[in-house]
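A.B. asks: Handing you this structure, nothing more for now.
Just so it is clear, none of the values below were taken in a lab; they were calculated from the coordinates. Worth saying up front: this structure is predicted, and the values here are computed from it rather than measured. When we count neighbours, we look across all protein chains shown, and the Cβ atoms used for this are built from the backbone with ideal geometry, even at glycine.
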């Protein structure tokens with residue numbers, strides 16, 4: 001009988017070819033998917049060229065997504081995107097997504113069934129941890145790690161210890177998955193889970209749809225975590241049905257698995273939350289932030305650009321107009337989500353409200369393009385970071401919120417709750 | 001691996017967006033990135049840093065994005081090593097992989113003031129505040145990581161592996 005293990009430890013043991021592993025152990029492990037984007041791939045490709053192999057380890061297991069500065073924002077970005085495109089074509093990369101089928105990577109890969117339960121995934125993007133929502137171990141790394149992985153199909157890891165977040169009870173109306181994760185980050189801080197895996201359990205997650213689970217796992221990195229993970233259940237299986245490219249393996253934590261800490265959180269204590277500048281942990285109740293006037297609202301990103309987010313935003317915006325002097329930018333995260341918005345009539349709601357709707361791109365989230373802030377401007381965004389200068393000028397400010405609060409804010413012109421709108 | 005230089009001391013949670021703002025990520029040219037290193041935290045950093053200087057910070061240095069542009073910008077701005085109370089994990093990995101020496105030591109960070117001359121011996125993990133005479137010792141890297149560093153970074157280590 002091997003030692004009791006967490007879901008994360010089981011995935012590492014399986015991929016390292018070991019019967020068991022324990023936290024702190026350094027292992028070499030086989031990878032299922034390796035990911036990079038138009039910002040990180042060019043450096044990875046340059047470093048890959050130094051390894052001394054001609055071909056990537058498996059052209060069907062590398063995903064290259066031009067989503068950050070695309071459609072190309074300027075000549076330099078166009079050159080970066082071209083390096084990735086040329087490499088993808090030369091190597092016959094099957095999961096390269098050109099503009100027109102491209103989406104924000106962490107919305108796109110789950111949607112297209114590229115990532116699945118039990119996978120071990122690295123991506124040269126910090127929000128790669130999103131795929132933990134499907135019961136995978138997924139973590140962000142740098143370009144050099146991706147270069148080595150593209151050559152060998154393996155990487156080195158320190159097996160992380162796990163922290164359990166057991167959230168029970170029922171979320172109040174307008175309290176969303178984004179509020180759950182902001183609440184947790186506010187509670188433990190931006191390095192509260194440093195180097196560790198965050199495992200989310202409890203009936204709040206049992207009832208949460210996949211879009212919501214992805215929002216939660218997406219922001220594990222904002223607590224310093226190596227990964228976030230939620231075990232597979234019927235909701236996961238229904239999502240994977242007709243979507244998964246490969247067969248998958250389900251792992252579950254043993255009942256007596258060891259955690260460095262277990263947080264018991266009552267869902268009733270979670271309220272609509274806003275993270276004030278300049279850290280995701282600087283959280284306050286949205287209800288206490290109504291005096292914050294804003295210039296721009298961004299609804300989208302790998303955190304909150306999925307169809308459920310679009311539906312919530314449209315539900316709040318319906319019948320309302322964006323406040324004078326406020327710019328509302330909505331970015332459905334993939335082409336399929338864009339089309340779904342159109343079919344469900346959400347596009348009409350957005351346009352009637354006075355929103356600008358963009359093609360999929362990470363764009364404004366990281367201050368790339370499509371909605372940069374001028375000096376002193378303030379934005380409410382459904383994105384994931386509010387560091388100094390994140391969305392533009394170093395004196396601008398970003399307040400992180402759920403799609404519901406962001407939509408209400410766009411209408412009110414200041415931070416607001418949906419019920420504030422008459 | 002011994003380095004000596006003046007310390008530039010900053011606080012906690014120095015994130016990758018202030019280390020190298022995304023508005024400069026449309027290039028991966030190290031010299032270009034170095035020109036904007038820490039621009040949004042300390043606009044004067046690039047003009048005052050001298051080759052060999054040492055960056056000192058509190059907890060969670062390098063939090064945020066996976067951009068390898070961050071350690072690249074720091075290294076090419078002239079910084080020889082970083083001492084912090086703790087590092088964000090992707091930055092930690094990126095620094096090892098790209099050959100930028102990093103050391104974790106609460107005591108050293110508390111015992112170094114901005115402008116102090118600091119000597120770092122990365123192979124033994126010894127940090128000396130030359131200005132005050134204080135000496136600090138850090139945990140050595142585990143052998144697997146030491147191996148990557150000794151071979152000159154991850155790509156050199158992998159090149160040796162695939163070539164054998």
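A.B. asks: Bin width 5 Å, origin at 0, all Cα-Cα pairs of region A:190-335: what percent of pairs per bin?
C.D. replies: Going from the shortest bin to the longest, the percentages are 2, 7, 12, 18, 21, 16, 11, 8, 4, 2, 0, 0.
A.B. asks: Okay, next question. Which whole-angstrom value gives the distance between the alpha carbon centres of region A:202-280 and region A:18-93?
C.D. replies: 26
A.B. asks: Separate question: Could you work out, residue by residue across A:276-285, how many beta carbons of other chains sit within 10 Å of that residue's beta carbon, and then give the average as an integer?
C.D. replies: That works out to 1 on average.
A.B. asks: Which FRET efficiency value, to the nearest 0.05, is calculated for residue A:207 and residue A:324 with the Förster distance at 41 angstrom and r the Cβ-Cβ distance?
C.D. replies: That pair, residue A:207 with residue A:324, gives E of 0.60.
A.B. asks: Relative contact order for region A:7-264: what is it in percent, counting Cα pairs under 8 Å that are at least 6 residues apart?
C.D. replies: Rounded, it is 24 percent for region A:7-264.
A.B. asks: If you count the DSSP beta bridges with both ends in region B:71-164, what percent of them are antiparallel, to the nearest 5?
C.D. replies: 70
A.B. asks: For peptide A:35-43, what's the mean number of Cβ atoms from other chains within 10 Å of each residue's Cβ?
C.D. replies: Taking all residues of A:35-43 together, the mean is 3.
A.B. asks: Right, next: Relative contact order for chain B: what percent, with Cα pairs under 8 Å and sequence separation of 6 or more?
C.D. replies: 23
A.B. asks: Right, next: Roughly what % of DSSP beta bridges within the protein assembly as shown run antiparallel, to the nearest 5?
C.D. replies: 30
A.B. asks: Here's a follow-up. Can you give the Rg to Rh ratio for region B:80-123, taking only C-alpha atoms and Rh from Kirkwood?
C.D. replies: The Rg/Rh ratio comes out at 0.97.
A.B. asks: Something else about it: Sort A:392-403, A:152-163 by the packing proxy (mean of other Cβ within 10 Å over each peptide's residues), most packed first.
C.D. replies: A:392-403, A:152-163
A.B. asks: Given N residues in region B:53-163, what is Rg(Cα) / (2.2 N^0.38 Å)?
C.D. replies: So the Cα radius of gyration is 1.07 times the expected 2.2 N^0.38 Å.
A.B. asks: Over the residues of the protein assembly as shown, compute the C-alpha Rg and express it relative to 2.2 N^0.38 Å.
C.D. replies: Cα Rg divided by the expected 2.2 N^0.38 Å: 0.92.
A.B. asks: Could you work out how much longer the chain between residue B:119 and residue B:134 gets when fully extended? Use 0.36 nm per residue separation minus the Cα distance between them, nm to one decimal.
C.D. replies: The residue B:119-residue B:134 span can extend by a further 4.3 nm.
A.B. asks: Taking 1 over the mean of 1/r across every pair of different Cα atoms in region A:149-241, what Kirkwood radius in Å do you get?
C.D. replies: Averaging 1/r across every pair of different Cα atoms and inverting gives 14.2 Å.
A.B. asks: Say each of residue A:26 and residue A:285 gets a label point 7 Å from the Cα, pointing the same way as Cα to Cβ; how far apart are those two points in nm?
C.D. replies: 4.9
A.B. asks: Which percent, nearest 5, of DSSP beta bridges in region A:7-264 are antiparallel?
C.D. replies: 15
A.B. asks: Of the peptides A:282-290, B:61-69, how do they stack up when ordered by the mean number of other Cβ atoms within 10 Å, highest first?
C.D. replies: My ranking of the peptides, most packed first, is B:61-69, A:282-290.
A.B. asks: Mind putting together the pair-distance distribution for region A:274-420? All Cα pairs, 10 Å bins, whole percent per bin, short to long.
C.D. replies: 14, 48, 33, 5
A.B. asks: Taking the highest mean first, how do the peptides A:333-340, A:129-136, B:88-95 order by number of other beta carbon atoms within 10 angstrom per residue?
C.D. replies: Top to bottom by mean Cβ count within 10 Å: A:129-136, B:88-95, A:333-340.
A.B. asks: Suppose a student asked you for the relative contact order of region B:68-164, using Cα pairs under 8 Å spaced at least 6 residues apart; what percent would you report?
C.D. replies: Once normalised by length, the contact order is 22 percent.
A.B. asks: Find the eigenvalues of the gyration tensor of the Cα atoms of region A:240-290, then list the square roots of 5 times those eigenvalues as equivalent ellipsoid semi-axes, largest first, in whole angstrom.
C.D. replies: Computed over region A:240-290, the values are 35, 21, 12 Å.
A.B. asks: Under Stokes-Einstein, with the Kirkwood radius over Cα pairs standing in for Rh, what whole-number D in µm²/s applies to region B:1-107 at 20 °C and 1.002 mPa s?
C.D. replies: So the translational diffusion coefficient is about 161 µm²/s.
A.B. asks: Taking 0.36 nm per residue of separation and subtracting the Cα-Cα distance, what length does fully extending residue A:249 through residue A:237 add?
C.D. replies: 3.2 nm
A.B. asks: What number do you get for region A:346-422 when its Cα radius of gyration is normalised by 2.2 N^0.38 Å, N = residues?
C.D. replies: That works out to 1.11 for region A:346-422.
A.B. asks: Have a look at region A:7-264 and give its Rg and Dmax from the Cα atoms, expressed in angstrom.
C.D. replies: Every Cα atom of region A:7-264 included, Rg and Dmax give 18.0, 56 Å.
A.B. asks: Additional query: If the viscosity is 1.002 mPa s and the temperature 20 °C, what Stokes-Einstein diffusion coefficient in µm²/s follows for region A:64-213 when Rh is the Kirkwood radius over Cα pairs?
C.D. replies: Approximately 122 µm²/s, per Stokes-Einstein.
A.B. asks: Continuing with this model, one more query. Using R₀ = 22 Å, calculate the FRET efficiency as 1/(1 + (r/R₀)^6) where r is the Cβ-Cβ separation of residue A:46 and residue A:89; round to 0.05.
C.D. replies: Using R0 = 22 Å, I get an efficiency of 0.80.
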